[in-house]
Amino acid sequence: AGKGRGECGLAEATACGIAAALAGTAATFPASVVSRRMITGTVPGLDPSTSGAVGVDRKRARASMGLFKAMRAVAEAEGVLGLYRGLGTASVRLVPMAIVSFASYEWLRRWMDAADARRTKRAGIEVDAA
């Protein structure tokens, strides 16, 4: 099946998929980093002994910190780049997965479209491409 009007090739569609996956990961990565750090207790200022509250356990201290407050604490202690620590490694893992996912999706979609077009042609059904 050839390219239809306004349709890009398999390589272009896969490249767009990779770009979209990387953009989505970059946009959500700070929240992921901070939530992992909140779980492990490595957010600057998270230690209950320094929070001023006596007898507060670590779980309550994490809950009271909140995601945005924790993001601010990480950004102040390590700079904004601290929110993106590990993005390179995550991207290296993401690219092969995106290639397989988007390329196989596009290939399968086009194969099914071609099979549908053959079936429609055999049945003598007129289909408006608009």
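All of the numbers you see were taken from the coordinates with simple rules; none came from a lab. These figures come from a predicted structure and were not determined experimentally. Note that each Cβ is placed from the backbone with ideal geometry, even for glycine, and that neighbours are counted across all protein chains shown.
At a glance:
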read-out	value
Projected label distance in nm at Ala26 and Thr40, using a 7 Å step from Cα toward the beta-carbon	2.4
Theoretical gain in end-to-end length, Arg93 to Ala15 [0.36 nm per residue, Cα-Cα removed]	26.5 nm
Size descriptor, Kirkwood hydrodynamic radius, that averages inverse alpha-carbon separations across region 61-103, Å	12.4
